[in-house]
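FYI, it's all coordinate maths here, none of it is from the lab. This is a predicted model, so every value here is computed, not measured. Cβ atoms come from the backbone with ideal geometry, glycine included; neighbour counts cover every protein chain shown.
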Amino acid sequence: MSAITGKAVGVETIGMTMRFGAFTALGDVSIKVPAGSFHALLGENGAGKSTLVKCMMGFYHPTAGDILVDGREVAIASPRDASALGLGMVYQHFTLVPSLTGAENLVISREKVPGVIDWRKERGDLAVFMDRMPFKLPLDVKVAELAAGEKQKLEIIKQLYLGRSFLVLDEPTSVLTPGEAQEVLGLVRDMTKAGDLTVLMISHKFHEVTAFADDVSVLRKGRLTGTGRVVDLDRKAMAAMMIGDQPIAALDSRAEPKPDAEIVLKVKALKAPDRTGLKSIRIDDLGVRSGEIVGIAGISGNGQKEFLEVLAGQRPRDAGEVMVRGTAYAATRAEARALNVRLIPEEPLKNACAPKMTVAENISFRTFDIDSNGKPVSWISAGAIRAFSARLVEQFKVKTASLASPIASLSGGNVQRAVLARELTGEVDLLIVSNPCFGLDFSAVAEIRARIMKARNAGAAVLLMSEDLDELLELSDRIFVMSDGALVYETPIAQASVQTIGEHMAGHH
Amino acid sequence: MDATEIGLWGVPLAILGGAIRVSTPFIFVSLGEAITERSGRINLGLEGTLVFGAMTAYAVAVMTDSPWLGLLAAAVAGLCFGLFHGWICKFPKVNDIAIGIALMLFGSGLAFFFGKPFIKPKAPNLPAIPFGAWSDVPQVQAALDVNVLFLIGAALSLVLWWAFRNTRAGLIVRVVGDSSDAARAMGLNPNTVRLVATGVGGALAGIGGAYLSLYYPGSWTERISSGQGLMAVALVIFARWNPLGCFAAALLFGGAGALGPALQSVGVTQGYYLFYAAPYILTLIIMIATSSPTRSLAGAPGELSITK
C-alpha cells in the first residue's frame with residue numbers, strides 16, 4: 001500500500017515549448033516550483049496553463065524544453081512515467097467513478113490491484129491510511145452521493161494514496177462553497193508547510209492566490225508574463241500580467257434602486273419535482289422588482305437548475321403560481337413575447353442554441369417569424385434574418401468567421417455573446433439568467449456582467465442564479481440562498497457577508 | 001394420471017417448469033448483455049448471435065454427435081460476433097445501436113444460410129437432471145427436469161454479482177462503463193475493456209442459443225428464437241444491470257412465456273394465443289412502468305448511449 005512519502009519533490013520546467021502545427025500554445029516557459037512550496041499558475045482561458053501542466057504530466061510531448069524533478073532532468077513520456085516520479089494531477093472535472101464507493105475508487109486506481117480483492121484487508125489498510133490524513137471522509141458511500149467538497153477532498157486523497165508528492169490542482173475550488181474552499185486549501189497548505197507535498201494550483205481567483213500561495217507565475221497567450229513571490233505582488237499587478245493592455249468593459253454604475261418599483265416576477269408557493277423525482281423544490285414567496293437584480297446563491301444541485309427549468313417552461317410544476325406583471329405565466333412562446341421575458345440559461349450552447357444551425361439563425365430565434373410590427377409572417381425572409389443578425393453581431397462584438405457558420409464552431413465567450421444579443425435586444429421586462437460567465441475568460445466575463453447591469457439600469461427585473469459568489473456580490477441588489485430545494489436566507493447586498501451566505505449554502509442553519 | 005387429475009394445480013406447476021425451461025436462454029443473453037452494458041456499450045446484435053449460436057451448436061452436435069462440442073462451438077461463434085461488434089464500435093462516430101441492429105440481421109441471415117442442411121437431422125440433446133424423480137406425478141417430474149445449463153446460469157449470475165464488487169476485472173468494467181475519462185486517467189483503454197466485455201457477452205448469448213437448439217425446443221428451425229435476444233436487452237434495464245436481478249427477471253419472463261402452453265394443457269381452448277403474447281406485453285409494461293420523463297434511470301452505467 002502506498003502512503004505519504006513524507007518528502008515533497010520540487011519540479012522545474014526549462015524552456016517548455018509546445019506547438020500544434022503553426023500555432024504556438026506554449027512558448028519558452030520556465031517556472032520553478034521548489035519542494036514544499038505552494039505555487040499558483042494564473043492565466044486566462046487559452047493562455048496555455050493546461051498545456052503546460054499536460055506537458056508536465058506526460059499527456060503531451062513538448063516540442064522543446066526539459067523537466068527537472070528534484071534538480072535532475074527526467075523524461076516524462078506518459079502519465080505513467082509522471083506518477084512513477086510522484087507527480088499527480090487533480091482535474092477540474094472529477095475523475096472519480098460516480099457509481100463506485102470511495103474505497104472502490106481508491107483501490108482500483110492503484111497501479112497493482114490483485115485479481116480478487118480482499119475487502120477486509122483493504123478496509124483495514126484504508127483505515128490506517130485515513131488516520132494519517134487531514135480530511136475525514138466516508139469511504140463506503142457511492143461517490144455520486146458525496147457533496148462536491150467531499151469529492152474534491154477524495155480526489156486529493158486519491159493522489160496521496162497513490163503516493164504522489166507533487167500535485168497539480170486545476171481550479172480546485174470552482175465547485176466548492178467559500179467555506180469548503182477555505183478548508184480544502186488550508187489543509188493542503190498545511191501539508192506543504194510540513195514538507196509532505198508540493199502544490200501547483202491553476203486558478204482564476206486572486207483572493208485564493210494571495211491567501212494560500214507562496215509564489216505565482218502568470219501566463220498570457222502561451223508566454224510567461226510574470227513570476228514572483230505573492231507577497232511582493234498586488235492584485236492589480238497580477239491582473240495586468242494576466243490580461244495585458246486589452247480594454248476591460250467597465251460595469252455601469254448602479255442606478256439607484258427604487259424600493260417601490262413594480263414587482264415584475266412573482267413566484268408563490270411553487271412546488272416541483274427535482275431531478276431525481278424523489279425530492280421537490282419549494283419556492284414559497286419570491287418577488288423581483290423592475291430595476292433590481294435578485295441573486296440566488298447555492299451549491300450546484302440544490303434545486304436552482306430545476307427552479308430555472310420551471311421558469312423556462314422545461315419542467316412541469318406540481319403546485320403554485322408564477323406571475324409576470326400580474327399575469328399567470330406558463331412560459332409559452334406567446335406569453336414570453338407578450339410579457340418581454342428573456343432567458344439566458346447556463347451552458348448556452350446546449351440550452352439556448354441549436355448547435356448545428358448557423359449563427360444568424362440562432363440569433364433570430366425570437367424574431368424570425370414576426371415582422372417589424374410584431375405580426376406573424378407567412379414567409380420567412382432569409383435576407384431579413386441576415387440583416388438583423390449582422391446588426392446584432394456587430395453590436396455585441398460576436399467574433400465569428402461568418403454569419404453562416406454553425407454556432408457550435410464559436411468559442412464559449414462568443415456563443416454567450418450571441419445569446420445575449422438575441423435575448424437583450426428589444427424590450428426586456430424580465431431577464432432570467434443562470435451562471436452566465438461559467439468557463440469564460442476575463443474580458444468576456446466583464447463584458448457580459450456589464451450587459452446584465454445595463455439591462456437592470458434600463459428597468460428590467462433580473463433574476464440571477466449563480467454558483468459564483470463573487471459574481472452575485474458584484475451584481476445583485478438582494479441575495480437569496482437556495483439550499484435543499486428552498487430559499488433559506490435573504491439579505492440586501494449592503495449587509496451581505498460571504499461568511500453567513502456560505503454557512504447557509506452549506507445548510508448549517 | 002393425466003392433467004385433469006391434478007386439475008388447476010397444473011397451471012402453477014407448468015408455469016414453474018416453464019419458467020425454468022424457457023428462462024435459460026434469457027439468463028445467458030441477459031447476463032452477457034449486462035456485462036456488455038456495464039462496460040458502457042449496448043449490443044443489440046445478441047438476437048442474431050443467439051440464432052447463429054443455435055445453428056452452430058446444432059450443426060456441430062449433428063456432425064460430432066456431442067452436444068458439449070456444439071455448446072463450445074456456439075460460445076466461440078458468439079465470441080466472434082461480440083468481438084466483431086466491439087471492434088467496429090471502437091472507431092469514432094460509430095453508433096453501437098446501429099451496428100447492433102445490423103449484426104442482428106446479419107447473424108440471423110447467416111444462420112439461415114448455413115443452417116439449411118441441418119433442419120432435418122436430429123442432434124443429441126444437452127442432459128437434464130431429474131430433480132422430480134421423487135414424485136410419481138408426471139407433471140411434477142416434467143416441471144423439475146432441470147437442464148444443467150439452467151444451473152450453470154444460476155451459478156453464473158451469483159458469480160458475476162460477486163465479481164462486479166470483488167474482483168479487479170469487475171471493478172474495471174464498472175469504471176469503464178461509468179466514466180471513460182476516469183478510466184483513461186487510470187491508464188485503462190476503454191475500447192479494449194469494451195471489446196472484451198462485448199466478446200464475453202456474445203459468447204454467453206451463443207450459449208443461450210445452444211440451449212434453444214439442443215434442449216428446448218431442441219431442434220433447429222429458422223423460427224427458433226422469438227425475440228429472446230431483444231427482450232433480454234429490455235430485461236437488463238428492468239434488472240438495473242444487476243446480475244441477480246437479471247436471473248430473477250429471466251425467471252419472470254420465462255414464467256410469463258409458459259402461461260400460454262400451461263393454460264392450453266389444462267383445457268383452456270379460447271384465447272390462449274393471447275397468453276402467448278404475455279412476455280411481449282410484460283416487456284412493454286415493464287418498460288413503461290420503469291421509465292419516467294423527468295429522471296434518468298437509477299444505476300445506469302454513465303457511458304451507455306441510451307442513458308447519456
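Could you please state, rounded to a whole Å, how far the C-alpha centre of region B:27-97 is from the C-alpha centre of region B:171-207?
Comparing the Cα centres of region B:27-97 and region B:171-207, I get a distance of 16 Å.
Show me the helices of chain B, taken as full DSSP H stretches, that run 24 Å or more along their long axis by Cα and average 1.6 or above in Kyte-Doolittle hydropathy.
B:67-89, B:96-115, B:148-166
Under the rule a/c < 1.5 gives rounded, and otherwise a/b versus b/c splits prolate from oblate, where does region B:1-80 land using the Cα gyration tensor?
In terms of gyration-tensor shape, oblate.
Given contacts defined as C-alpha pairs under 8 Å and at least six residues apart, what's the relative contact order of chain A, whole-number percent?
So the answer I get is 16 percent.
What's the center-to-center distance, using Cα atoms, between region A:55-74 and region A:365-417 in Å?
If we compute the Cα centre of each part, the gap is 46 Å.
When a footprinting reagent is the concern and you count Cβ atoms within 10 Å, what order do A:E490, A:E474 take, fewest first?
Listing A:E490, A:E474 from fewest to most nearby Cβ atoms yields A:E490, A:E474.
Specify whether the C-alpha gyration tensor of region B:7-290 places it in the rounded, prolate or oblate class, a ≥ b ≥ c being the square roots of the eigenvalues: rounded for a/c under 1.5, otherwise prolate if a/b is larger than b/c and oblate if not.
prolate
Label-point separation (nm) for A:E490 and A:T210, each offset 7 Å from Cα along Cα-to-Cβ?
3.3 nm
Could you tell me the extents of the protein assembly as shown's C-alpha atoms along the three principal axes, largest first, rounded to whole Å?
Projected onto its principal axes, the Cα set of the protein assembly as shown covers 96, 73, 53 Å.
Students often forget the sequence filter, so: which lysines lie under 20 Å Cα-Cα from A:K454 once same-chain residues fewer than 8 apart are removed?
Output for A:K454: A:K258, A:K397.
In the protein assembly as shown, what percentage of the DSSP-assigned beta bridges are antiparallel, given to the nearest 5?
Looking only at bridges with both residues in the protein assembly as shown, the antiparallel portion is about 60 percent.
Listing A:R229, B:R21 from the residue with the fewest other Cβ atoms within 10 Å to the one with the most, what is the order?
Exposure proxy ranking, most exposed first: A:R229, B:R21.
Which of A:K54/A:K112; A:K112/A:K350; A:K54/A:K350 have a Cα-Cα distance over 29 Å?
A:K112/A:K350
Output the relative contact order of region B:7-290, whole-number percent, from Cα pairs under 8 angstrom with separation of 6+ residues. Please list the in-between numbers first.
Values: 552 pairs, mean separation 106.4, N = 284.
Rounded, it is 37 percent for region B:7-290.
Please identify which residues in region A:159-202 have an amide N closer than 16 Å to a label point set 7 Å out from the Cα of A:D125, following the Cα→Cβ vector.
Correct set: A:159-164.
Between rounded, prolate and oblate, where does region B:78-233 land on the alpha carbon gyration tensor, with a ≥ b ≥ c its root eigenvalues, rounded for a/c under 1.5, else prolate if a/b exceeds b/c?
Taking the square roots of the gyration eigenvalues as a ≥ b ≥ c, region B:78-233 is oblate.
Among B:D178, B:D136, A:D66, A:D196, rank each residue by its count of other Cβ atoms within 10 Å, from fewest to most, as a rough exposure measure.
Least crowded to most crowded, the residues run B:D136, A:D66, A:D196, B:D178.
Any idea how far apart B:A98 and B:V137 come out in nm if each label point goes 7 Å out from Cα toward Cβ?
So the label points at B:A98 and B:V137 sit 5.5 nm apart.
Set the Förster distance to 51 Å, then compute FRET efficiency between B:W87 and A:A390 from the Cβ-Cβ distance, nearest 0.05.
0.55
In deg cm²/dmol, rounded to 500, what helix-only [θ] at 222 nm does chain A give when every DSSP H run of at least 4 residues adds -39500 (n - 2.57) and the total is split over its residues?
Details: 17 runs with 163 residues, N = 509.
Helix-only estimate at 222 nm: -9500 deg cm²/dmol.
What length, rounded to one decimal in nm, is gained on full extension from A:N373 through to A:K193, with 0.36 nm per residue of separation minus their alpha-carbon distance?
58.0 nm
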